[in-house]
Every structure is written in C-alpha cells, then in structure tokens.
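Contents: one structure, followed by commentary.
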Amino acid sequence: MRNRLILAVMVALVVLVAFPSITMAAVPTVINRNADVNGVVTLHGEITATGVVGDDDERGFVWGLFSFPDPGNVAPGASGYTDNWTEAGSFGVGTYTHDVAGLTLETVYYYRACAHSADGWAYSDEICFFVLEDKAYLELRPHLVQSSIRVGGIPTAVNVGIFYGYSLPIWSTPANQDEQLFYEICAPDRWDGESNIIMHLDLALAAAGESGNAFSLEIAWENVTANEEPIPVTSNLIVGTKPVYSDTQYELYKCAVAIDYDIDAANPIVADDILAFRLRRVAVGGQLKDLDGELIILHAGILFARGDLLGDPGNVVTEGELCSLVEDCDGIATAGDLAGYVTTGEVQDVADVFQGLILLLPLIVFSILAFWKRHPVLFLIVAGIAIVTGLKMPDILAGTTTPLSLSLGILTAAYAFVCIAMAYRAMFRRRGESYGTEN
C-alpha cells in the first residue's frame, strides 16, 4: 500500500493550578494540506490556566502506540509514552502546536498535551487517532444478521441514557454462546481494490465508576460465498483490550480495525465479494478486571477507499466523513489492529473538481457536433451521454454528494431531455426538407 500524505489535527487542553490538574481534551478541529509524503500529524495543545507562581516554563506533547493513565506530576520521559517533545520558554495561557512526521498507516496513536511550571507537570486527557491513507472513503453500514437474534432474543437491544444499541456481555459457552453479533456486507464496485478495508465501531459504557476496569473485543471476518449462511465466522481473529481511565457514565469510544484484503493471496477480497463479520466481547486477561456495567454496541460501519475513473480519488475527505470522524475518541490498543478512530486527509478543492469535470469532455464535444450538424441521431447520442453523466456526477466529483454535484447532476439529466426534444425537431425538419425536394 502506498505511503500517502496523512494529516490530522487534534486539540488538547492543559490546566495548571497550585498542584497540576487537567480538563477534558477537545475534539479535533482542523485538517491541513502538506506536500510531505510521510505521515504528518499536527498536534495542538492549549494551556487554559498557568501555575499560581507564574507562567509555565515548559510545554509539549507525549505520544505513542499504547494507552496510559494520566502520568501525574512526572516529566514526559517518565510518562510511559514512547515519544515526547517539549520546548522551554515563558508561556502564559494560549495554544501551541507540534508536527509529528513519519507515522505508520493503519496504526493507532495516543497522545496528551503537557505543561510545566514551578508547581509541577500536568497532562491533558488522552486522545487517539487511527491513521488512514489520504484517500476518499465510502462509509457503508453493514447488514446486521438477525437470524440468531430472533431465535434467542440476544444480544439484547437496550436504551441506556441517550444511547440505543445492543448490550454485549462477555461471550462464553454454553451460558452466553449466543451473545455475539454478526454482520455482512458486499464490497462495492467503487472500492479501489488495493487498499485495506476498515471496520469501525461506536461503543459506550453504561455505568459510571469504571476507571481501572477494562473490556476486550474479538472480531472475526471471512470472505464468504454469496447466498450462503455466513455463520459461524471463524477466520482472521483480531482481539484487543482497552483499559478504562474514566469514571464518567456513558463514556463513548470509537474503535477501528484494519481488514487485510489480500491476507489470503489465493483468494483476496475483490469487488462484489460478500464479507461476514462476527463481534464478541471476551474476558480480559492478565491482572485487568472486566467492566462492572454493560458495554453497548451503538454502531458498526465499514470504510472502503474509493476508486476513481481517473485512478485516484484526488485526496478528498467527504463533508459527511469530516463531520462524523473528527471527534474525541478513546480506543482499543493492539499495536494498530484495533484502535480509536479518526480519519485524515483534506477537503475537496477546486483543482479536484476541475479534474473530475474533464470527464464531461465527451458530452461537450458531441453536443457541439450535434448542434452543428442538426442530426437527430447525434442529439440522441448526446442525450444518452447526458443521462449517464448526470447519474454518475457524484462519482465524477470525487465521490461526494454535495450541492455542487447534485445540481450539476440534475442539470445534466435535464439537458438530456432537451437533446431528445431537439432530436425530434431535427427529425421532422429533415422530413420537411425531403418533402420539399420531392415537390
């Protein structure tokens, strides 16, 4: 897979008081453009209050591949995170940034902002992001296979606070052998066929006071034959565990897993294949303790990197993806397999639109020819091209359904009816000329 430009911006808030304390981290806010071929993330921090004895004398970030609890009053090198950056000076309330280069694709990273004064060190809440290629992604909702749910009535659909989803207790046999969810989806034709597929989940904790506990998820997936029952799914197991460091009720988590489309070289995933997924919550291992309350599965989605008639989607993140994915997140740390999810990339620009509009060239050329020759067959050819172009306009404009693509699609389709009318007019005109010649 090509190592493409990766860009994301995250914001974290740091508060220093008489003894360091911390506020909740803010959501990612900005997506930038950069020509660097390596993964680049711009981390943003904000000091909202300095130490009581004066301005802060050092600030920075810590980041790495694994999640850690609040480091407390320790230097960044002792925080547990593998990487850190700090700068010295005299800093008051305000924002600061740092660019981190060379990130690995399809990998989760966790980070915190930090600052130091004479009172000591303080850290923001932890934020994470899952690094995707700089491509346009189609997000599709997989079909929930309900046959086993109808038979056993489980997993149970529940309302918890503002959330509605499926309560997923720990799977075990025989007591809870049906406590699992099955999904299936057809790989779309618009998938580029050369990028890994991303499954992401929205989860919520039903209970407060879960700090120090943890949960584990197991995802299995298979490339199955159409029209055959895909249960049970047993291949390609991915398991990840997430410690919980918050006591907040209804804590929301966004998790993602990369599906290696060609892990089976003899039978890689291709467009129109049926993919089946099995989701289980499993017992955590080691010294960790399972959640006391329920884990709610709110949403499952599948991301396919979009292919294009031009062979490249044009470095686009659609408006819908941008709005839904740049959110504060926590995630499951398994060295990039299952992780907090946020996409990266850039918003569609004028150059991308112009590149897509080149595909309108056949319509323009045939239109000029038809109006020049005034031949009914040419008008009908133009009408056919206009109908196809109008229906495919969202694809032509980088896979986005925007006011621009929708308006152009409607206008192009309407133009087809104009051409049909012109074809009839030209046909009757030619008949009239023929009659005049015979007389």
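The values are calculated or read from the model by the stated rules, or taken from the named source; none is laboratory data. Keep in mind that this is a model prediction, so the values were computed, not measured. Glycine also receives a Cβ, built like all others from the backbone with ideal geometry; neighbour counts cover every protein chain displayed.
Kindly check whether there is at least one residue in segment 144-154 that is in contact with a Pro (Cβ under 8 Å, 6 or more places away or on another chain) and not in a loop (DSSP other than H, G, I, E, B). Give the steps one after another, and end with the answer.
Going through segment 144-154, the residues in contact with a Pro (Cβ under 8 Å, 6 or more places away or on another chain) turn out to be 145, 149.
Then drop every residue that is not not in a loop (DSSP other than H, G, I, E, B), which leaves 149.
So far as segment 144-154 goes, yes, one or more of its residues are in contact with a Pro (Cβ under 8 Å, 6 or more places away or on another chain) and not in a loop (DSSP other than H, G, I, E, B).
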task: Return the pairs, sorted by first residue and then second, in which the second residue is assigned to a strand (DSSP E or B), the first residue lies in segment 194-205 and is among the hydroxyl-bearing types (Ser, Thr, Tyr), the beta carbons are less than 8 Å apart, and the residues are 6+ apart or on different chains.
output: Ser195/Phe304; Ser195/Ala305
- prompt: For segment 145-158, does any single residue satisfy the condition of being surrounded by fewer than 16 Cβ atoms within 10 Å (Cβ to Cβ) and touching a residue at least 60 places away in the same chain (Cβ under 8 Å)?
  reply: yes
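For (1) in contact with a helix residue (DSSP H, G or I) (Cβ under 7 Å, 6 or more places away or on another chain); (2) within 19 Å of Cys255 (Cβ to Cβ), each residue gets a yes or a no:
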site: Asp57; (1), (2): no, no
site: Val62; (1), (2): yes, no
site: Gly72; (1), (2): no, no
site: Ala88; (1), (2): no, no
site: Phe91; (1), (2): no, no
site: Tyr96; (1), (2): no, no
site: Tyr109; (1), (2): no, yes
site: Ser117; (1), (2): no, no
site: Gly120; (1), (2): no, no
- request: Determine if segment 246-259 includes at least one residue that is in contact with a Ser or Thr (Cβ under 9 Å, 6 or more places away or on another chain) and among the charged types (D, E, K, R).
  value: yes
statement: Scanning segment 84-109 residue by residue, those in a strand (DSSP E or B), out of contact with any Pro (no Cβ under 9 Å at 6 or more places or on another chain) and either buried (at least 22 other Cβ atoms within 10 Å of the Cβ) or among the β-branched types (Val, Ile, Thr) (or both) turn out to be Thr95, Thr97, Val100, Val108, Tyr109
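May I ask you to say which residue of Asp260, Asp247 is modelled with pLDDT of 90 or more, surrounded by fewer than 20 Cβ atoms within 10 Å (Cβ to Cβ) and in the same structural domain as Asp192 (by TED's automatic domain parsing)? Show your work before the answer.
Working: Asp247 fails: modelled with pLDDT of 90 or more.
On inspection, the qualifying residue turns out to be Asp260.
Is one or more of the residues making up segment 119-126 among the aliphatic types (A, V, I, L, M) and modelled with pLDDT of 80 or more? Spell out how you get there, then give the answer.
Keep residues of segment 119-126 that are among the aliphatic types (A, V, I, L, M), which gives 122.
Subsequent filtering for residues that are modelled with pLDDT of 80 or more retains 122.
Yes, segment 119-126 has at least one match.
Go through Tyr261, Tyr245, Tyr250 for me and flag whichever is part of a loop (DSSP other than H, G, I, E, B), within 22 Å of Pro188 (Cβ to Cβ) and of a type in the set (Phe, Trp, Tyr). Talk me through it step by step, then tell me what you get.
Numbers: Tyr245 fails: within 22 Å of Pro188 (Cβ to Cβ); Tyr250 fails: within 22 Å of Pro188 (Cβ to Cβ).
Answer to the selection: Tyr261.
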statement: Filter segment 392-424 for residues that are among the hydroxyl-bearing types (Ser, Thr, Tyr) and not in a helix (DSSP H, G or I); the one that is modelled with the highest pLDDT is Thr402
